[in-house]
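Before any comments, here is the structure.
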Amino acid sequence: MTNKFEDKVAIVTGGGSGIGLETAKQFVAQGGSVVIVGRSAEKLTTAANQIDPEGNKVATLAADVGDVSTADKTVALAIDRFGGVDVLFNNAGIFNPTPFLEHTEADFDRYLTTILKGKFFMAQAAARAMHKRGGGAIVQTGSMWAERAVSATPSSAYSAANAGVHAMVRNLAVELAPSNIRINAVAPAVVETPVYGTFMSAEQVKEVLPTFNDFHPLGRNGQPSDVVGASLFLASNEASWITGAVLPVDGGVMASR
């Protein structure tokens, strides 16, 4: 594997499992160092051991990205451990399909806080650090649901929050371009990650997820590695002339609906 991220430093939110964990693993495997952020210290410790058992290229911060102070703490840790910030994988999120008429103010706020507010202020803090390094790259994890409604998974609040993430990408691409900071997003469809276990039992996950295979024209649900490949490309110098893009990583859903 090439060391395309040699001496680069990345922050990965939601880095304890799923897409975030796989992103951190591959970034380090390609020469970089990472700070992974998540709510569970136990999950982060387990993840860090998988990413770099010696601990030289990984640092952890157990915190809620919805708390604005987490952004500055994360960047400070990256600077203290590794000297700066070059890449932000703004991945943390939540998902729990809920009918519109059943949404409460509390869970609506939770979506906006975790998905939109969390990504906004983490990007702001990271961009300040990137400016001092002469540039950088931000990759947001958005969502196919921000672009398409799916009757089987009512997701109005989740979709609204992610639509804000997509709009942020376009606005910050223009605003941060003079600082040589690029920002793009990936918009996945159904990706088999532990998030489904947050609102379904293990038996339900095993039964329900396969029913979505045919939802994707390519005939299968996504895996974290499918999304990570796109994210790492957008973060790399290979994408040096790409900014403001929202890339569907969705097995063809956006093309077919």
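The values are calculated or read from the model by the stated rules, or taken from the named source; none is laboratory data. Keep in mind it's a predicted model, so treat the numbers as computed, not measured. For neighbour counting, all protein chains shown are included, and Cβ atoms are generated from backbone atoms with ideal geometry for every residue, glycine included.
When the residues of region 82-108 are filtered to those that are part of a helix (DSSP H, G or I) and in contact (Cβ under 8 Å) with a residue 12 or more places away in the chain, which remaining residue is farthest from ALA161 (Cα to Cα)? Spell out how you get there, then give the answer.
Taking region 82-108 first, the residues part of a helix (DSSP H, G or I) are 82, 100-102, 105-108.
With the extra rule that they be in contact (Cβ under 8 Å) with a residue 12 or more places away in the chain, the set shrinks to 82, 100, 107-108.
Values: PHE82: 32, PHE100: 14, ASP107: 12, PHE108: 9 Å.
Per the stated criteria, the residue is PHE82.
Any idea which of (1) among the polar types (S, T, N, Q); (2) assigned to a loop (DSSP other than H, G, I, E, B); (3) under 18 Å from the mean Cα position of the chain (by Cα) is the one THR153 doesn't satisfy?
Result: THR153 fails condition (3) only.
Out of region 185-217, which residues are in a loop (DSSP other than H, G, I, E, B) and either free of Cβ contacts under 8 Å to residues at least 24 places away in the same chain or surrounded by fewer than 12 Cβ atoms within 10 Å (Cβ to Cβ) (or both)? First the steps, then the outcome.
Taking region 185-217 and keeping what is in a loop (DSSP other than H, G, I, E, B), we get 189-190, 192-193, 199-201, 216-217.
MET200, SER201 - these are the residues of region 185-217 that are in a loop (DSSP other than H, G, I, E, B) and either free of Cβ contacts under 8 Å to residues at least 24 places away in the same chain or surrounded by fewer than 12 Cβ atoms within 10 Å (Cβ to Cβ) (or both).
Could you list, in sequence order, all residues of region 27-57 that are aliphatic (A, V, I, L, M), closer than 18 Å to ASP7 by Cβ and buried (at least 18 other Cβ atoms within 10 Å of the Cβ)? Outline the logic, then answer.
Start the filter on region 27-57 by keeping residues that are aliphatic (A, V, I, L, M), which leaves 28-29, 34-37, 41, 44, 47-48, 51.
Of the ones still in play, those that are also closer than 18 Å to ASP7 by Cβ are 28-29, 34-35, 51.
Listed by number, the residues that qualify are VAL28, VAL34, VAL35, ILE51.
May I ask you to list pairs of residues, at least six apart or on different chains, whose Cβ atoms are under 8 Å apart, with the first in region 158-184 being in contact (Cβ under 8 Å) with a residue 12 or more places away in the chain and the second being buried (at least 20 other Cβ atoms within 10 Å of the Cβ) and aromatic (Phe, Trp, Tyr)?
TYR158/TYR111; TYR158/TRP145; SER159/TRP145; ALA160/TYR111; ALA161/TYR111; ASN162/TRP145
Applying the selection to region 114-126, what residues are surrounded by 22 or more Cβ atoms within 10 Å (Cβ to Cβ) and closer than 14 Å to GLU175 by Cα?
Across region 114-126, the qualifying residue is only ALA123.
Go through ALA149, ALA187 for me and flag whichever is in contact with a strand residue (DSSP E or B) (Cβ under 9 Å, 6 or more places away or on another chain), at pLDDT 95 or above, at negative phi and not β-branched (Val, Ile, Thr). Show your work before the answer.
Working: ALA149 fails: at pLDDT 95 or above.
Result of the check over ALA149, ALA187: ALA187.
Across region 161-184, what is the number of residues that are of a type in the set (Val, Ile, Thr) and either part of a helix (DSSP H, G or I) or under 16 Å from GLY93 (Cβ atoms) (or both)?
Start the filter on region 161-184 by keeping residues that are of a type in the set (Val, Ile, Thr), which leaves 165, 169, 174, 181, 183.
After this cut, where a residue has to be either part of a helix (DSSP H, G or I) or under 16 Å from GLY93 (Cβ atoms) (or both) as well, the list is 165, 169, 174.
The qualifying residues number 3.
Run ASN180 past the list (1) in contact with a Gly (Cβ under 9 Å, 6 or more places away or on another chain); (2) at negative phi and report the number of the one that doesn't hold.
(2)
In region 231-257, which residues are more than 20 Å from MET168 (Cα to Cα) and assigned to a loop (DSSP other than H, G, I, E, B)?
Of everything in region 231-257, those that are more than 20 Å from MET168 (Cα to Cα) and assigned to a loop (DSSP other than H, G, I, E, B) turn out to be SER236, ASP250, GLY251, GLY252, ARG257.
Across region 201-257, which residue is farthest from ALA187 (Cα to Cα) among those that are of a type in the set (D, E, K, R) and modelled with pLDDT under 90? I'd like the intermediate steps shown before the answer.
Step one: list which residues in region 201-257 are of a type in the set (D, E, K, R), which gives 203, 206-207, 214, 220, 226, 238, 250, 257.
Then keep just the ones that are modelled with pLDDT under 90; that gives 203, 206-207, 257.
Working: GLU203: 27, LYS206: 24, GLU207: 25, ARG257: 15 Å.
Within region 201-257, the match that is farthest from ALA187 (Cα to Cα) is GLU203.
At pLDDT 95 or above and among the β-branched types (Val, Ile, Thr): which single residue out of ILE94, ILE36 fits that description?
Result of the check over ILE94, ILE36: ILE36.
Does any residue in region 238-257 that is at positive phi and surrounded by fewer than 19 Cβ atoms within 10 Å (Cβ to Cβ) come within less than 7 Å, Cβ to Cβ, of a residue that is in a loop (DSSP other than H, G, I, E, B) and of a type outside the set (S, T, N, Q) six or more places away or on a different chain, and which pairs are these?
GLY252/HIS216; GLY252/PRO217; GLY252/LEU218
So which pairs qualify, if the first residue must be in region 44-59 and in contact (Cβ under 8 Å) with a residue 24 or more places away in the chain, the second must be in a helix (DSSP H, G or I) and surrounded by fewer than 12 Cβ atoms within 10 Å (Cβ to Cβ), the Cβ gap must be under 9 Å, and the two must be at least 6 apart or on different chains?
Going by the 9 Å Cβ cut-off, the qualifying pairs are ALA59/ASP80.
Only one residue in HIS166, HIS131 is surrounded by fewer than 19 Cβ atoms within 10 Å (Cβ to Cβ) and farther than 21 Å from VAL65 by Cα, so which one is that? Break it down stepwise before answering.
Values: HIS166 fails: farther than 21 Å from VAL65 by Cα.
Of HIS166, HIS131, the one residue that is surrounded by fewer than 19 Cβ atoms within 10 Å (Cβ to Cβ) and farther than 21 Å from VAL65 by Cα is HIS131.
Check region 183-204 and report whether any residue there is within 17 Å of ILE242 (Cβ to Cβ) and polar (S, T, N, Q). Walk me through how you get there before you give the answer.
Pass one, region 183-204, residues within 17 Å of ILE242 (Cβ to Cβ): 183-187.
So of that shortlist, the ones also polar (S, T, N, Q) come out as 184.
Scanning region 183-204, I find at least one residue that is within 17 Å of ILE242 (Cβ to Cβ) and polar (S, T, N, Q), so the answer is yes.
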